[in-house]
Amino acid sequence: MSLFFVLFFLSVAGQEDPYKAEFGANIGMNIYAGDVNAIADLNLFSKNMANLQPDLGLTFRYRFNKRLALKFGYDYSKVGGMYHYRDGNNAFQVKLNNPLHLVDLVGEFNFFDLENNPYKRFSKKYSPFIFAGAGSVWMPQYQNSPNQNVAFLASFGFGVKAKIAERINLNLQFANKWLLGDGLEGKSQFDNPFPPTHLNGMNNDLLSGISIGITYDFWMKNCDCYQPEQPQKIKTPKIKKRDNKRKR
């Protein structure tokens, strides 16, 4: 977030974009990492990739300029499937089914001036970007004691944006949502006490995924630029035929 604010003040003087905001939808796939899917065990982690879950989301993005934006996102996904994991030397399987409602607010930085303007130097119809922010997740079916089915999370990742039409944008991104908790499994028996167990050394779960989305530009900015007055047409009087006869 500190990096975001520094970049904001460095580029706030850039050219204005004619539209303030975007709204759209995205679709993708997520994979969970935690107690029963440890990244440290690459053999089982690759086997558990079969448990990829769909992600459906909505996006609202407010653009400060062509480089910086603030995005609010909502995503619906879940942690589900049959997971293989080890506890010590023993191998186990467990079936998970934990629906997730995720919201986050992130700052985005584009590396290029993203606009459809072939006559402007350094402007591009595409741009890689990075983002970081915070949010929360609600797990309505997760019941433990005490009940902790809401948790905070940190969001971060990178992607590529492209302007495919005057007001249509395409977004491809890889996002990580690092849970400040240990409940993505949706089962209380995998909630590690403090200090953390060897199954999940950080005692925090992670949801990672790739998504593609389309947004539409709206909310045009007021223009305070100078606009010259249009010349008024001077109407010439019509000469009556009777007057022409008199002149002759």
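The values are calculated or read from the model by the stated rules, or taken from the named source; none is laboratory data. All values derive from a computational prediction rather than experimental measurement. Here the Cβ positions follow ideal geometry from the backbone for every residue, glycine too, while neighbour counts run over all protein chains shown. Each accessible area value is taken on the protein alone, full model and side chains, heavy atoms only, with ligands, DNA and RNA left out. Shrake-Rupley method; radii C 1.70, N 1.55, O 1.52, S 1.80 Å.
Here the condition is being polar (S, T, N, Q) and more than 23 Å from the chain's Cα centre (by Cα); of Asn37, Asn51, it holds for Asn37 alone. Checked against the criterion of being modelled with pLDDT under 75, out of contact with any helix residue (DSSP H, G or I) (no Cβ under 7 Å at 6 or more places or on another chain) and surrounded by fewer than 18 Cβ atoms within 10 Å (Cβ to Cβ), region 156-170 has no qualifying residue.
Taken as a whole, the condition of being modelled with pLDDT of 90 or more and buried (at least 16 other Cβ atoms within 10 Å of the Cβ) does not apply to Asp182. Considering region 20-133, the qualifying strands (runs of 3 or more DSSP E), each wholly inside and each with 1 or more residues that are free of Cβ contacts under 8 Å to residues at least 12 places away in the same chain and in contact with a Phe, Trp or Tyr (Cβ under 9 Å, 6 or more places away or on another chain), run over 90-110. When Asn65, Asn110 are checked against the criterion of being touching a Pro at 6+ places or on another chain (Cβ under 8 Å), open to solvent by less than 80 Å² (accessible area, probe 1.4 Å) and of a type outside the set (Gly, Ala, Ser), a single residue qualifies: Asn110. Of the residues examined, Asn43 is not one that is farther than 20 Å from Asp217 by Cβ and open to solvent by less than 90 Å² (accessible area, probe 1.4 Å).
Scanning region 75-102 for residues that are surrounded by fewer than 16 Cβ atoms within 10 Å (Cβ to Cβ) and within 26 Å of Gly157 (Cβ to Cβ) returns Tyr76, Asn97, His101.
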